[in-house]
């Protein structure tokens, strides 16, 4: 009899396999809806705000590079004009280079820094960058301007300066 009693209990305990508890169903549905809303928000709504922020930072870096380029242009023109002020026909590359570097070193402060760190690259100017013709002196400079605040921006500054010789 005990055996029959146990088998009757097992038959009574069998549950319907298709039935689902209501709280579990609500939990699963709400988590799916919440996840879908979060993905929608991050993919479509938040994208515009982050693009505006990134573009603003990129524009600031680019503006800084252009400001440095304009300042560098001013300093290089001033150094070149001062070095070529006494340039006469027959002046050699070495003499002009010496004048150029002396003028460049006048821009250093007491600590040895230039107003723009990119001016230090002008110390590498050598006789290959100078071309003296019958009536003029030509100087070619190549400088790299880097800005690395938010993203790395590299600008290659190339300029050819020409000064006619004094008679």
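What follows is calculated from the coordinates using simple rules that are stated; it is not laboratory data. All of these numbers come straight from a predicted model, not from anything done at the bench. Neighbour counts are summed over all protein chains in view; Cβ atoms, including those assigned to glycine, are modelled from backbone coordinates with ideal geometry.
The fewest-to-most ranking of 44, 87 by surrounding Cβ atoms within 10 Å reads 44, 87. Treating each Cα of region 54-164 as an identical point scatterer and summing with the Debye formula, the log10 of I(q)/I(0) at q = 0.14, 0.17, 0.18 Å⁻¹ comes to -0.60, -0.81, -0.88.
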